[in-house]
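**Student:** Below: one structure in structure tokens.
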């Protein structure tokens, strides 16, 4: 099966979670908008096709299926790419964790866009400062502690004791947060040894290492989800 | 199977999407915290159990499985309660739509809490006014138009041409928005005839009609996701 991934060019964004799964598995896929431009997505977003209507990119075309929402795409790809342990409880746990990652990504995004996605960061800077402070002080530790505990509990248990798309997404989250909030992440360093080890292990997987070195890995930048604005991450 | 639902007492919140599915299907379930208090959830949130660790309520105990995240719970319950049409494409589409509803609910919540969930509304009122304006002007119409189009396309197609948990969740979203944003919803009235018809149809289903009349249906209030603050929904 040749998969078609549709996502905005120019940013890693939410598409990157899908891209990492496809790359890690060595799947046959086309990154359609990167080849043909963002306009290639419009017929799908305007519903000029059969099948499911995406609300927004990323979406995946798999044969006749059109699948949107990162967590749904990964729930579909996981068993097909060998990126989730077998068995119902592991698949369900992976879905749950991926949706929690989705929530975490939304909250990360909203640190720089607390008022409106349609407005520039500069137009919502004052609110962003406040939201980013609450994120650094409360939400970032809460989410990272949670995933650290999940990994700790996973040892010796069936669910997620083996490699999965959730691991790849956690790598992406940690990488993005290191870029966006280097000071806050340094303060968290000692609290998340298992998450750090996981991220290092993922970065060394041959297909991921090759991908990260390739031009297909767009650098983090200030158009994506994970943005580095120094005033949102003071050194203290 | 007797399901155990765990969710905060006192609000409809995210638990209501699960509750509506259980009620509509006439499932055998216990609303644990309503019987034993919110503290009954703590052992699970603190990981003093086997199995998956919830990040937050709602979560469902189904035999030995512990399942968190509304969309994951519904993806699990859907086929078991006859609340999703058969076939892979319908199940995937339902998951995708439910996750889009999750996103919509987050954005609705953040109209009154744009800075921090841990702070009172009164502490973030100025930002809430701005975020609510962007929500009313841009996001509310975008999401509602999307679901209207999904229903329109659904007619005569396989996916979601029959009753599903997504319909129940859309009923809940429309009901909540009518409560929180009555003026904005009135302005949308003519653009969403199919969504309106769906919500009416759901309200008339015997099990749902009985549930809505029962004391189990807590009224909307200003502690939940859908809150009515008149200054966030001016008449214009």
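Quick note: the coordinates plus some simple rules give every number you see, no bench work behind them. Here the structure is a predicted model, which means the values were calculated and not measured. Neighbour counts run over all protein chains shown; Cβ positions are idealised from the backbone, glycine included.
**Student:** What is the average number of partner chain Cβ atoms found within 10 Å of a Cβ in A:84-90?
**Tutor:** 1
**Student:** Counting helices only, and only those DSSP H runs with n ≥ 4, report the 222 nm mean residue ellipticity of chain A as the sum of -39,500 (n - 2.57) divided by its residues, in deg cm²/dmol to the nearest 500.
**Tutor:** Helices in chain A give a 222 nm mean residue ellipticity of -15500 deg cm²/dmol.
**Student:** Distance between the C-alpha centers of region B:159-211 and region A:112-140? Whole Å please.
**Tutor:** Comparing the Cα centres of region B:159-211 and region A:112-140, I get a distance of 32 Å.
**Student:** If r is the Cβ-Cβ distance from residue B:217 to residue B:80 and R0 is 22 Å, what FRET efficiency results, to the nearest 0.05?
**Tutor:** About 0.45, to the nearest 0.05.
**Student:** Using a label point 7 Å beyond Cα on the Cα-Cβ vector, give me the inter-copy distances for residue B:56 in nanometres, one decimal, shortest first.
**Tutor:** With the label placed 7 Å along Cα→Cβ, residue B:56 yields 1.8 nm.
**Student:** When Cβ neighbours within 10 Å are restricted to other protein chains, what is their mean count per residue of peptide A:71-77?
**Tutor:** The per-residue average across the peptide is 5.
**Student:** Rg over Rh of region B:3-80, using C-alpha atoms and the Kirkwood radius, what does it come to?
**Tutor:** 0.92
**Student:** Taking the Cβ of each residue in B:31, B:38 as the centre, tally the other Cβ atoms inside 10 Å and list the residues starting with the fewest.
**Tutor:** Going from sparsest to densest Cβ surroundings: B:38, B:31.
**Student:** Same structure, new question: Counting only DSSP beta bridges with both residues in the protein assembly as shown, tell me the antiparallel percent, nearest 5.
**Tutor:** 70 percent
**Student:** How far, in nm to one decimal, is residue B:117 from itself in the other copies if the label point is set 7 angstrom along Cα toward Cβ? Shortest first, please.
**Tutor:** With the label placed 7 Å along Cα→Cβ, residue B:117 yields 1.9 nm.
**Student:** Between residue A:126 and residue A:138, what is the label-point separation in nm under the 7 Å Cα-to-beta-carbon projection?
**Tutor:** Distance between the two pseudo-spin positions: 2.1 nm.
**Student:** Can I ask one more? Taking Rh as the Kirkwood radius, which is the inverse of the mean 1/r over Cα pairs, what is the Rg/Rh value for the protein assembly as shown?
**Tutor:** When Rh is taken as the Kirkwood radius, the ratio is 0.93.
**Student:** Ratio of region A:180-236's C-alpha Rg to 2.2 N^0.38 Å, to two decimals?
**Tutor:** Region A:180-236 yields a ratio of 1.35.
**Student:** With r defined as the distance between the Cβ atoms of residue B:210 and residue B:9 and R0 fixed at 25 Å, what FRET efficiency is calculated, to the nearest 0.05?
**Tutor:** 0.75
**Student:** Another question about this same structure. Using a ≥ b ≥ c from the Cα gyration tensor of chain B (square roots of the eigenvalues), is it rounded, prolate or oblate, where a/c under 1.5 gives rounded and otherwise the larger of a/b and b/c decides, a/b for prolate?
**Tutor:** Since a/c reaches 1.5 but b/c is at least a/b, the shape of chain B is classed as oblate.
**Student:** A further question on this structure: Simple spin-label model, 7 Å along Cα-to-Cβ: residue A:56 to residue A:191 in nm?
**Tutor:** 2.8 nm
**Student:** What percent antiparallel are the DSSP beta bridges of chain B, to the nearest 5?
**Tutor:** The answer is about 70 percent antiparallel.
**Student:** Further, regarding this structure: Distances from residue B:1 to the same residue in each other copy, label points 7 Å out along Cα→Cβ, in nm, shortest first?
**Tutor:** Taking the point 7 Å beyond Cα along Cα→Cβ, the inter-copy spacings are 2.4 nm.
**Student:** Let me ask another. Name the residue, out of A:58, A:215, A:114, whose mean-square fluctuation peaks in a Gaussian network model built on chain A with Cα pairs under 10 Å.
**Tutor:** A:215
**Student:** Out of A:164, A:117, A:175, any idea which swings most in a Gaussian network model of chain A, alpha carbons joined below 10 Å?
**Tutor:** With Cα springs under 10 Å in chain A, the top fluctuation among A:164, A:117, A:175 is at A:117.
**Student:** What is the spread of the Cα atoms of region B:90-185 along each of their three principal axes, largest first, in whole Å?
**Tutor:** Sorted largest first, the three principal extents are 48, 25, 18 Å.
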